[in-house]
Structures are given as C-alpha cells and as structure tokens.
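The structure under discussion appears below in the form of structure tokens.
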Amino acid sequence: MKTTNRSTYQTCLGLTGLFLLLFLTSCKKEKRETTTETNIMERVLTLSTEAAFPQNSILTTQKDESGFTLVENGIASNILVSESDHEGVQRIAGMFQKDLKHVSGQAPELIIGDTPGSKNLIIIGTVGQSTIIDRLAKDGKIDIEVLEGKWEQFLITPVKNPMEGVDSALVIAGSDKRGTIFGMFDLSEQMGVSPWYWWADVPVKVRKNIYVKPERYTLGEPKVKYRGIFINDEAPALSGWVTEKYGDFNKQFYEKVFELILRMKGNYLWPAMWGRSLWDDDPTTAPLADEMGVVLATSHHEPLMRSHVEWDRHGEGPWDYDKNPEKLREFWREGMERTKGQEKVVTLAMRGDGDEAMSEGTNIDLLEKIVKDQREIIKEVTGKPIKETPQVWALYKEVQEYYDKGMRVPKDVTLLLCDDNWGQVRVLPALDSEPRSGGYGMYYHFDFVGGPRSYKWLNTTQIERVWEQMNLTYSYGVDEIWLVNVGDIKPMEFPISFFLDYAWNPENFPAEKLPEYYTTWAQKQFGTEHAQEIGEIIALYTKYNSRRKPELLEPATYSLQHFNEAENMVEDYNSLVTRAKKVKGQLPSKAHDAFYQLVQYPVEACVNLNEMYVAAGKNRLYGFQNRASTNYYADKTEELFFKDTVFTNHYHDLANGKWNHMMSQTHMGHTTWSDPAYNKMPAVSYIQSGKDAHLGYVIENGISRNQWMPSGLNSQSFSTFDPINDQNYYIDVFNMGKEKLSYTITSENDWIKLSSEGGTIQYDEKVFVSIDWDKAPQGQDVGEVVITASNAEQGTKINVPIRNDLPENIKGFIENQGIVSMDAVNYQKSNETEDISWQTIPNLGRTGSAITTMPVTAAKQNPNDNGPYLEYDIYLIDPGTYNLTTYFSPTLNFQKDEGLLYAVSIDDEAPKLMNLHQDAIAADWTYPTWWNEAVKDNIMKQTVLAKDLSAGVHSIKYWAVDPGLVLQKMVLQKEGVDAKSYLGPPESLIKK
C-alpha cells in the first residue's frame, strides 16, 4: 500500500511569488528549459461561501445519517483508490484530492492500495479494473448493472458498511477509465471547483460542511462519443504565452489542457499545429494523454498521426503521392508505430501541402488508393482488424467535393462533416442514408483564419446559434465526433463550456432552457447572488459581438443617418460596461481577475472598439458636412485606439502577469483574410474651419432623409407625425466655425414641443421635436419651427406636418414613415400541425429572438390553409408599393438539394414559394458573393415580393416548407423610402 498526502502543496503555493519573480527577471529571449508547475503560477484562489447548493445537486449543507459526510468542520473524508486501477485514475484522484483540500481547507489522505485505513471513506474505482469496486459489487454492496458495457458512465452512491473497518463510504465508480474520472470531476464541480479554476482564475468555493444526499447519481452515457476541442491559429497569443511560461508546447502545458478537457467531460483533442507537433516536440506528451484518458488525433489534413510540420522536419521529397508514395508511406507508418497501443482516432486521406487543395481537380481514384494504402499500414502496425482502430475522413473545404462527386470510404470510417468555418453546417447525411458503423462527426468553428476575414480575437459566437446548428447536426444522426476549433482556448471559455456540455446530452437542452444556461454557468464561476445579472451581460455582449465580428468592423458599418443606429449600438454596449463594473464592485476581490477575463474585458474592449469605429465614421461624415466637430472625432478616434492598449495591458497584468500575451491578437485594420502585423487605426482627416460660428443642421426622418443643410438655405420638412407612433424626432444642430455658436429654436404652434429652446455650443447638440396631441388640430396640418443663429439676420424654417385623423382601434404592427418592421417571434397568430410546431430560440439573432420549426427532420410541407404558418397583422397609414424583405440566420443547403424553401403571402393571396438559396448554387466550394455577405453581416436577406397596398389593415403570412430555416424578422418597406442601416429598421410599434 502506498499513501500520498500532498502536504507540500501549500508550501509550494507560498513560494509562488518568489519563483515568479525569478522567472520574469530571467532570460527574456533565449530559449528556457521547461518550466515547473510552480513557475507557471499554480495558484488557487478560494471564495468562502456557505450558500445552499443548487436544487439539482447531490450535495447539501444539511446532514442526513443515510447520506455521506464529504466535508465536516473543514475536514474532508479520505480517498481510497485500488492499486490495480488505471494509472490515469490514480493521477486524477490526486487532482480530486487537491480539489477537496481547496474546498475544505485541509488535504485529505489519498490511499493507493486495498486497505481502507479510515471509517469514513471516498472509494474511487473502475469496473473490471479496481479490485475494490469489483469486490463491493460481488458482495452486493453496490449495484453496478447500470455501468456494465457502458461508455464513460459513472455512478456516485453512498454506501453503509461497505467493507470491514469502514462505517460509511461514498463510491465513485466508472464503467471505464473516463467514466471514473468524470465521476470525480463532476463531484468536484458540484463542490465548487470550476473547470476554469486554473484557466480563468475562478475562485474555488470554500465550504466547511458538505454532505452527499442518500441517493444514487449518474448522468448516463454521453450521447456523442468523442467530444473535444482543436487548438488552432494559436499565434501570436497562445504561442507567445506558452513560450514565456513553458518554453514550448510541451507535456507541462498539455497536462493543463488535458485536465481542462476532462473537467468539462470532454475526451478528444486536436493539438496545436501551426509549426508544432505534440508528438515530435515532446515525445512524453502523447503517453500522458493516453494515461489521463484524452483521445488524441491529428487535424483534417494530417494523416496517420503525423503533424504536417513533421514532413518539413523529417520528410523526403515532395508531398505528392503520385510522385513520392514510398517515402510518404514510410512517414505515415512511423506515425502509427510511435502511437502503438495508445487510444487515438486516425485521420485518413490527404490534402495538399500546407492545408491546401491536393490538386486543381478531384482525382478520386488517387485519393481512394491513398486511403486503401493507409488502412493497410494501420492494420499491419496494430496487428488488429482494421475496424478496431477508429478512423476519420474529414470532408473539409474542397474535400467535400470528392464526397459529392462519388468518392466513398469503408463504412467503419467516420465521416467528419464540417461547417463553413463560420458556424453554418455545410452538409448532413440524408435521413434515409444507409447506416455507417463509423458514423458521422462534425467539425465546428469558434475561430477561423481565412476568407472573407479571419476572426480570432474574442468570442463572437452566440450559444443559441451553436444550439441551433448542433441540434440540427444531432437530429440528423451525427453523434460520433463533435469537435470545435477554439483558437487559443482563451477567451472562448464560455462557448467551450456550452459546446461540451451540450455534446454530453443534447436532449437535456431544449431551446427554452438556453437563457438558464447563462445563469447556471455564471453561478458556477461567481456564486448565486449575481449569477443572473452576469448571465445577462454575457448573453448581451455575445449577441452584440455576433452582429459583426470585430475584425469586420468599419467606420460605416452602423448607420449614422438612420434610426440612430450607431449611437444606440454604442449606448447599448456602454450600458453593459456600467452593469459589469457595478457587479465587479460587489464581488469579493478574489473573484476580480476571473470576472475581468470572463466578463469585463470582452465588454470593455468591444465597446471601445465599436465606439472607435463610430467616431471614425462621424469624422468622415462630419467632414463632408463641414462640422467643427470633425477634428474632435479625429482626436476621439485616436484616443479610443490607444485606449485599447490599456485594456490589453491590464489583462496581461492579471494574476501577476499570468496571462501575458494572451490578448495579443490583432483586431483592427483588417482588409483581407490575412491579419495585419499590428493594430491599425482607421483613417481620419482634419479640416480647417473658419473662425466665425456658422449654423448647420440635420433633421431626423426628414423628407430629404437626413441630408444636412447650412442655415438659411432650402428649408426642410420632417416626415409626417401621427398620434399612434407619437414620433420624437431630432434636429441635429451643429457649428461650422471655431468660435462657439449661440442659437435659438422656436415655434409659433403651441402643439409643437421642443426639448430645448436653444443654447451655446462648441460642436453640436440635438433638439427633439414631438407633438402635444391634446392640443394638435384634427385632420392634417403643417406647423413649423425656426432655428436662428445669434449672428444670423434670419432664421431657417423647418416644416412639421402632422396627421391627426387615424382610427383609434388600430391593431397589429403600425407603419411608420413607410416601414413596417416585424420581429418574427411577435406574430399575432400561428398554425401548427400534428407534425410541425413552432419553436422560439430566445436571444438568437442580431436584434431580438428567432423562430424555427420543429422537428428539424420533418418532411417538406405544402404551404396551404392546413400548413404551418405565422401570421402578422399590420396597419398601413399610407398606401403605396411596398417590398417585403425576410431576414434569416445564415443557413446552408445542408441536404444538397434545390435549396431550402419557404413561402410568404399578403392578405388572401396564394403563398409565394421562395428559395433561400436561389443565388447560392455553386459547382464547387469557393467564396461566392452571397456567402461572403451572409457571413460578414451574420444575416441572409431576401426581398421576396413587391405589391401595391392600400392604407388600412393587412396581414402577412410566413409559411414553413423546409425545416432548418431560422427566421429573425420581416420588413415591409415602401418603395422610394431610403432607410439603409446595418441591422435593419427597429421593430415597429405593436397595438394589441
């Protein structure tokens, strides 16, 4: 028997600061030797809490004699692991021991052997491997039937008098090695150890008393067999960090990665591959992964467990199977030899050198021969039937064309399907396709380097979008592998958590529960008190980021002329900053580093970035208008540009520099897919204003649609005000000179309300105009306001037309200035069938929520009176010719047929059938214009019909035809109305 008590761990923690100081003041650029765990700042912050556990937890603060005492008065129960169990189980038991120490404050004893040595004991073991677990089962102390023959399942159960000398035990049993490991880490997370305790400095929640309820607990088997991440595009951020902290991507670094994956119940990894090889850089890393239970594989273009960089290092001749087959087979055989006996998934086939297409055409015969020869190598090296080695063929980019044109691989090979690098799945198996023993997988992206622009800096993915696309994926039978490209790991903490949680059991996550996930995740990191608020901040900042990824932002992205769009967007972001800072001020100081990484930094950095681009946009627009504030916004752009560095530096200073380099990714000045070497400020210009003040103005929703005017010229008119919409429009008054401008604004009509009667300005200010409808005349009339500069002889008149003759009982969406904008979820009536129901996906979309049909595997519907539809009531104030435009979440034609169909109708007309992909038919996977625009804007829009409509009541119906379409909004807009904006018109007023 051997006993491990990590009492020296606390001493190591105390020396952390000293070691760090020595580390940071040592060699700056020369290659360092591999660092120790202490050098990389192995620190665990603890957060005292005696709050109750969540209702669904098996843990409680209330003692029950039938349960189990995990921690009492700060003393944790000891741990027993059979010496016969897997070395990986024993290793993870040591991590579990640390978890108990940090939660309770005192390290329990970890006993590796068969003799208990304690009356209250945590017994951990694997069925068929642990002599202790097998003996308990044989003696009838535990029932392991639920674990027999299962994949990665665990059982946690209290047991009284399990063996001689033990009064009470908590048994954590696994069906296999990972099942046991997941049982330990599941209990750790319930105790208060976040999977991100190290990777995001989330404080461990300290409790002096923890009891296990008297019940059996299991999560069952995972629904997806292999669930993991791909570390990719890892320069300059992760690579700079790893080089400073570890010297290289070595075993010490990867042990932290393996632990993170396992704590989130993942089991699969594609390691970093930009000029790196996990197997070649540090040959001790792969055996560690196998010991810990992490299944390694190589990326989509790296066959037979050889990283591509290894061909540069060790290969001979061209990477061309036509010209160099013998050397390539020899190269691949070495990859299989060195991983012999290790659990893995072997990548098959071949792409061109450097992750490019193998050739201009699709040479199916050659690729089929390559696969045949590779499988022969696998069989020879393993000495096992080929079907016993998991293999995968990744249908990435142009490789899918091989499959589309008829290439097939044996059915025991997993077909790894892929998204379009932007979160839209490209193809799914037909529901009636012949079963494959190897099944199907999905390779997804949270990070990408490629066209139309790379995106690597911050999380821009809504989990609602992940849910929608991966629910589609799972529903079509893709459940062998789920893999996601996570870039540098940080700052993708939140979506990684969701992806792996969802992969364990998609059936546990209906759409309506998605809002709860934010709160639950926040609670696990920061406790219950502020969990809902933190969850809402995360939900909103990811929503705002997903509208347009930071690398795609430009000064003209959000409209400065319509709907106050740009300024509202900045205001929305700034409100999140205010909320985040308020929450941070209420959190214990030990949680501040984690909060900054997970919440505050992405909010602050993104609002700063967006505000910078808006300032640059104002600089350009105001320069055209000769505003004195032109130069102010040039300076403001520069100020915000350099402010970005302040946020980055603060992030890098967190935890005494623990995360230095991790936010080094450039995110400004992108013009192509290739990252700029440095952040670049958007171009600005300066003007030489005249000395004397001079008045100019712009009116919102004017007949001339926001054209600017110098005072005294061409008096303008607002669009018509009405009592239903009760408009509140602004006059943007601005100065065109260096001296301050004094002005007055007046009206002779007592029914016109002004927010100000004038003032003195250096640059510009807005005066709002609205109507007092109690005083306004009936029918149609025109009033006026007059703006007069103090140094001008006469004022400028602006007409204020009103219409005060509309019916009082109007219902539905009300037209305003020629526009009716309808969020899809706010329909007035719906029709469902026995086979089809409507499903709201909360928060999905650029502005509101979205709606789709369920199930996503339903057959094509016929748009008729009995078919499923959504109906929207509208009221038009003005007649005219109106265009109807639909807004969909980007969705690809995943069944490779004629495209995804839907239908629309107005009033009682027959439904008009539409094809979302009518412009999306391409012979091969290039970057067509429609796709570039869809992924940049994160929306697919179609103008589906134009119709002459009378004033009054109308109805619009949206008909479901194909499943998989996700509708966000519809906009009815009168021809001739110029209201261009990025997000589209805000939702119209709804009268009920």
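Yes or no: Asn749 more than 29 Å from Thr788 (Cβ to Cβ), modelled with pLDDT of 95 or more and part of a loop (DSSP other than H, G, I, E, B)? No: the conditions fail for Asn749. When you look at Tyr613, is it closer than 22 Å to Trp457 by Cα and surrounded by fewer than 21 Cβ atoms within 10 Å (Cβ to Cβ), yes or no? Judged against the criteria, Tyr613 is not a match. Looking only at residues in the range 800-830 that are charged (D, E, K, R) and within 23 Å of Pro879 (Cβ to Cβ), which one is surrounded by the fewest Cβ atoms within 10 Å (Cβ to Cβ)? Looking at residues that are charged (D, E, K, R) and within 23 Å of Pro879 (Cβ to Cβ), I get Glu808.
Filtering the range 875-898 to residues that are surrounded by fewer than 18 Cβ atoms within 10 Å (Cβ to Cβ), of a type outside the set (Lys, Arg), over 23 Å from Arg846 (Cβ atoms) and in contact (Cβ under 8 Å) with a residue 24 or more places away in the chain leaves Asp878, Pro879, Gly880, Thr881, Gln895. Mind listing whichever residues of the range 938-992 are among the hydroxyl-bearing types (Ser, Thr, Tyr), surrounded by fewer than 21 Cβ atoms within 10 Å (Cβ to Cβ) and assigned to a strand (DSSP E or B)? If the condition is that a residue be among the hydroxyl-bearing types (Ser, Thr, Tyr), surrounded by fewer than 21 Cβ atoms within 10 Å (Cβ to Cβ) and assigned to a strand (DSSP E or B), then Thr943, Ser955 are the ones that fit. Pairs linking a residue in the range 411-426 that is surrounded by fewer than 21 Cβ atoms within 10 Å (Cβ to Cβ) to a residue that is in a loop (DSSP other than H, G, I, E, B) and among the polar types (S, T, N, Q), with Cβ atoms under 8 Å and 6 or more positions apart or on different chains, are Lys411/Ser437; Asp412/Ser437. Scanning the range 831-843 turns up no residue that is at pLDDT below 95, surrounded by fewer than 21 Cβ atoms within 10 Å (Cβ to Cβ), touching a Ser or Thr at 6+ places or on another chain (Cβ under 9 Å) and over 26 Å from Glu975 (Cβ atoms). The set of residues in the range 362-381 being touching a helix residue (DSSP H, G or I) at 6+ places or on another chain (Cβ under 8 Å) and either crowded, with 17+ Cβ neighbours inside 10 Å or among the basic types (Lys, Arg) (or both) consists of Thr362, Leu367, Gln374, Arg375, Ile377, Ile378, Lys379, Val381. The lone criterion from (1) touching a residue at least 60 places away in the same chain (Cβ under 8 Å); (2) touching an Asp or Glu at 6+ places or on another chain (Cβ under 7 Å); (3) in a helix (DSSP H, G or I) left unmet by Leu609 is number (1).
Among the residues making up the range 88-122, a single one is among the charged types (D, E, K, R) and closer than 9 Å to Asn78 by Cβ: Glu109.
Return yes when Pro550 is within 30 Å of Asp593 (Cα to Cα) and either touching a residue at least 24 places away in the same chain (Cβ under 8 Å) or within 18 Å of the chain's Cα centre (by Cα) (or both) and no when it is not. Taking the combined requirement at face value, the residue satisfies it. Taking the criterion of being under 21 Å from the mean Cα position of the chain (by Cα) and either at pLDDT 95 or above or farther than 21 Å from Ser981 by Cβ (or both), would at least one residue in the range 609-626 satisfy it? Yes, because at least one residue in the range 609-626 is under 21 Å from the mean Cα position of the chain (by Cα) and either at pLDDT 95 or above or farther than 21 Å from Ser981 by Cβ (or both). Of the residues making up the range 521-558, those that are under 15 Å from Asp937 (Cα atoms) and not β-branched (Val, Ile, Thr) number 15. Scanning the range 449-476 for residues that are in contact (Cβ under 8 Å) with a residue 40 or more places away in the chain, under 30 Å from Pro855 (Cβ atoms) and of a type outside the set (Val, Ile, Thr) turns up Asn459, Gln462, Glu464, Arg465, Trp467, Glu468, Gln469, Asn471, Leu472, Tyr474, Ser475, Tyr476. Any residue that is at pLDDT 95 or above and among the charged types (D, E, K, R) - is there at least one of those in the range 408-417? The answer is yes; a qualifying residue exists.
Only one of the numbered conditions (1) more than 19 Å from the chain's Cα centre (by Cα); (2) part of a loop (DSSP other than H, G, I, E, B); (3) at pLDDT below 95 is not met by Val478, and that is (3).
Quick grid of which residues meet (1) surrounded by fewer than 15 Cβ atoms within 10 Å (Cβ to Cβ); (2) on the phi > 0 side of the Ramachandran plot; (3) modelled with pLDDT of 95 or more:
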| residue | (1), (2), (3) |
| --- | --- |
| Thr126 | no, no, yes |
| Ser130 | no, no, yes |
| Leu136 | no, no, yes |
| Asp139 | yes, no, yes |
| Ile142 | no, no, yes |
| Leu147 | no, no, yes |
| Ile156 | no, no, yes |
| Asn161 | yes, yes, yes |
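Could you list, in sequence order, the residues of the range 757-785 that are in a loop (DSSP other than H, G, I, E, B) and under 44 Å from the mean Cα position of the chain (by Cα)? Gln762, Tyr763 - these are the residues of the range 757-785 that are in a loop (DSSP other than H, G, I, E, B) and under 44 Å from the mean Cα position of the chain (by Cα).
Do we have Asn809 as touching a residue at least 12 places away in the same chain (Cβ under 8 Å), among the polar types (S, T, N, Q) and part of a loop (DSSP other than H, G, I, E, B) here? No.
Taking the conditions exactly as written (closer than 23 Å to His445 by Cβ, out of contact with any Pro (no Cβ under 8 Å at 6 or more places or on another chain) and either assigned to a helix (DSSP H, G or I) or not assigned by TED's automatic domain parsing to the domain that holds Pro195 (or both)), does Gln469 satisfy them or not? Spelling it out, Gln469 is indeed closer than 23 Å to His445 by Cβ, out of contact with any Pro (no Cβ under 8 Å at 6 or more places or on another chain) and either assigned to a helix (DSSP H, G or I) or not assigned by TED's automatic domain parsing to the domain that holds Pro195 (or both). Checked against (1) surrounded by 14 or more Cβ atoms within 10 Å (Cβ to Cβ); (2) within 42 Å of the chain's Cα centre (by Cα); (3) at pLDDT 95 or above, Asn728 passes all but condition (1). Annotation: Pro801 fulfils all but one of (1) part of a strand (DSSP E or B); (2) under 47 Å from the mean Cα position of the chain (by Cα); (3) modelled with pLDDT under 95; the unmet one is (3). Condition check: in contact with a Ser or Thr (Cβ under 9 Å, 6 or more places away or on another chain), basic (Lys, Arg) and more than 25 Å from Thr840 (Cα to Cα). Does Lys957 satisfy that? No. Do the conditions hold for Val409, that is, is it hydrophobic (A, V, I, L, M, F, W, C), farther than 26 Å from Gly451 by Cα and in contact with a strand residue (DSSP E or B) (Cβ under 6 Å, 6 or more places away or on another chain)? Judged against the criteria, Val409 is a match. Of everything in the range 163-174 that is at pLDDT 95 or above and over 15 Å from Val81 (Cα atoms), the residue that is farthest from the chain's Cα centre (by Cα) is Asp167.
The values are calculated or read from the model by the stated rules, or taken from the named source; none is laboratory data. Quick caveat, the model's predicted, so the values are computed rather than measured. Neighbour counts run over all protein chains shown; Cβ positions are idealised from the backbone, glycine included.
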